[in-house]
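Notes for the one structure printed next.
Rule-based calculations on the coordinates, nothing more; no lab input. Note that the coordinates shown come from a computational prediction; the quantities given were computed from them, not determined experimentally. Here the Cβ is made from the backbone with ideal geometry for all residues, glycine too, and neighbour counts use every protein chain on show.
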Amino acid sequence: MAIQPKFLIFIFLVVATLVISSALYELNQSKHEMYDLMAKQTHSLLETTITASQNALLSYEEIDGEIKNRLLSTASIVKLLFERNKINNSLLKKIAGQNNFHRIKIFNSSGEKIFYSHEELISKQQEKTQAIKILSPIFNGYTDTLIVGINKPQYQNDYKYTIALATKNKSVIALNIDAEEFLRFRKKIGFGVLLKRVTLSEQIIYSTLQDSSQILAASGNVQHLEALNESNFLQNALEDSVFSWRIIESDSLEIFEAVHPFVHNNRVVGLFRLGLSLEPLNIINERLVRRIIIIGFVLFILGSLLLAYIFTHQNFDILKRKFKVIEGYSNKVLQNVSDAVIVLNEKNEIKIFNSAATLLFDKKDSLINGKKLDEVFSNENYNNIFDSKIGLEQIECSINNQKKYLLVSKSKFTSEKDLTNSILVIRDLTNQKLMEDQIQRKERLVAMGELASGVAHEIRNPLNTISTITQQLNKDFQPKENEEEFYTLSNLVAKEVKRINETIKSFLHFSKPEKIVLKEFLLSDLLEQIENQYKPMLSEKSTVINFENKWDGKVNWDKNQILQVLMNLIQNAYDSIESKGIISLVVEQQINNQILLTVSDNGSGIPKHILNKIFNLYFTTRAKGTGIGLSMVQRIIIEHGGTISVESKESEGTTFSILLPINLEQ
């Protein structure tokens, strides 16, 4: 008993799923354990950083307090001396030098400097403006002690630490020291240095202290850090004052980010953010993934080999049966395609001749197989097909005395015995070609018809005037001399005007043809009517007309217009015959419910250089012809949804072929 392939596949998939699921579970567990370890380490590092930051802030505050107390003590002494009127510039300069102050100044209530330890390099007005701006809280009575702190005076380049003290008479004592050394000290122990030391490790990408509006201090790559108000995670961590971590991506880099709020003096200063690269962890994960892939690949190969062996062994007979079914199906498809298909062997002998080819060339498959291709094509067409370097060739040929336009596609393939075979796919473009010619003729006829209509109307008006004047002259005018000549000429004018008017009527009739009136009738009745009408006339030239009706049924056409078409073609055939001629009218049924009417003669034929012009409006080779007849014929055929074509050879005769639908309404 054969093992079912579905059962084998199921077992294979179950085993592979269990192995891969187990490996993925272990990989996921390892990743979570690594994340927990990283969270503990980063939490410890952030706690250490926060402690160091708090110590740094305490140092700032201690130093700032010492500087402020020192300046205030000196300012109090200067205030006491000033109120006792014992202050002068020399004394202020001495006090500043002993205490290493940068400047000691005393301003009156108007902001004007009255005592100073050092002369300023700026104007009195600039100095007054700057004093009023900085010391305005004291001048306005809001406070008597002002701690300006570290600032940069408007007209100086260095930072100063400034305090001010009010006196009894609303004067102000201002003292400042150089703050550059204090700032350098802050930089040495500040947040920036601390965070920079944290990011010395290659795995730490960035460390930053950030509040809701800006980055207070940072080290590392912080160009693409998001603001606190842009992230719910960061906002929650800041508001809840807890340690948190997350995985983010920045510049295609996966980062483990740990955050911890920084609280100083019971006030949240900001949020410490520490970003660590997950590259080492990803390398471990990639190594595990590669192992899973290798295991899966090995399982897949082993399972595939096993399944392939079983399938090959069990399904060989099934494939043979399927091949026969497919071969039969392909043969049916080949036999039922609309294009003719001919397959040739390496000797250019016909191996396959499908149904469309049988119908096109009117040759049976059983009789043509094994024959050369020249049994189908003439030598000229045969050479054109096989000498062409391109795979597509359009040829013009004659099949059963009918002109055909064929599109031949040529390709080659090699059989299992390394023999080169050729495939010819042939499409019959005859109807398409005739339709294209018909459309072009119709467009020319429409344009010429519109032109003829316009010209005819323009000519008709002056012709009527000439005719009226000529008639009036004959009635009312009596010539004194040459009376006979006068009436002869006037009658000639009237006659020519009448002839021109008749021609104009035919032009107008062409430009505005009669509406098609469909009627169902027997085609044999129409042929009988033509035969009765033309037999007496044809006997004058010892000419006979042969009718060959191979289909006798009902058609739905405009009987009068089709009669006009056939009469026009028979008349042209009659005119081309000098004596003892033969005119043939053949009726045959075609595919797609169409009728082929063929009118042929053995007359003088049409010269090749004018053959493509005979349907043009006003083209004629007869002295008394108007050039409208064949144009009207073509127009009627087009309006009946048909096509008309012509073949002719000089001194041999002409054949007109008309293809019409049996029922025009359908």
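Please list, in order along the stretch 127-135, the HN-Hα scalar couplings obtained from phi with the Karplus expression 6.51 cos²θ - 1.76 cosθ + 1.60 (θ = phi - 60°), rounded to whole Hz, x for Gly and Pro.
5, 5, 4, 5, 5, 4, 5, 7, 9
What number comes out for the charge environment of I423, summing +1 per Lys or Arg and -1 per Asp or Glu over other residues with Cβ under 12 Å away? Write out the running numbers ahead of the final one.
Details: positive: K351, K410, K412; negative: D339.
Within the 12 Å Cβ shell, the charges total +2.
Taking amide H positions as placed in the peptide plane 1.01 Å from N, state which residues far from K649 in sequence (5 or more) or on other chains have amide H under 5 Å from it.
I606
Output ³J(HN,Hα) for the stretch 272-284: one whole-Hz value per residue in order, computed from phi by the Karplus curve 6.51 cos²θ - 1.76 cosθ + 1.60 with θ = phi - 60°, and x for Gly and Pro.
Ordered by residue, 3J(HN,Hα) equals 6, 10, 10, x, 10, 6, 9, 4, x, 5, 5, 5, 5 Hz.
Treat the count of other C-beta atoms within 10 Å as a stand-in for reagent exposure and order Y60, Y206 from fewest to most.
Fewest-to-most Cβ neighbours within 10 Å comes out as Y60, Y206.
Can you give me the long-range amide H partners of I122? Hydrogens built in the peptide plane at 1.01 Å from N, cutoff under 5 Å, separation of 5 or more residues or another chain.
The answer is none.
Quick one: order W551, W557 by neighbouring beta-carbon count within 10 Å, fewest to most.
Taking fewest neighbouring Cβ atoms as first place, the list is W551, W557.
Short version: ³J(HN,Hα) in whole Hz for each residue of the stretch 485-501, in order, from phi by Karplus 6.51 cos²θ - 1.76 cosθ + 1.60 (θ = phi - 60°), x for Gly and Pro, what are they?
My calculation for the stretch 485-501 gives 5, 4, 5, 5, 5, 5, 5, 5, 4, 4, 5, 5, 4, 5, 5, 5, 5 Hz in order.
Ranking E481, E393, E83 by Cβ neighbours within 10 Å, fewest first, what do you get?
Result, fewest neighbours first: E481, E83, E393.
For I545, list long-range residues whose amide hydrogen, built 1.01 Å from N in the peptide plane, is under 5 Å from its own amide hydrogen.
Under 5 Å from the amide H of I545 lie the amide H atoms of I583, each far enough along the sequence or on another chain.
Give a quick list of GluC sites (Glu not before Pro) in the stretch 531-631 that DSSP marks as loop, anything other than H, G, I, E or B, with at most 16 other Cβ atoms within 10 Å.
Sparse-neighbourhood loop GluC sites (Glu not before Pro): E578.
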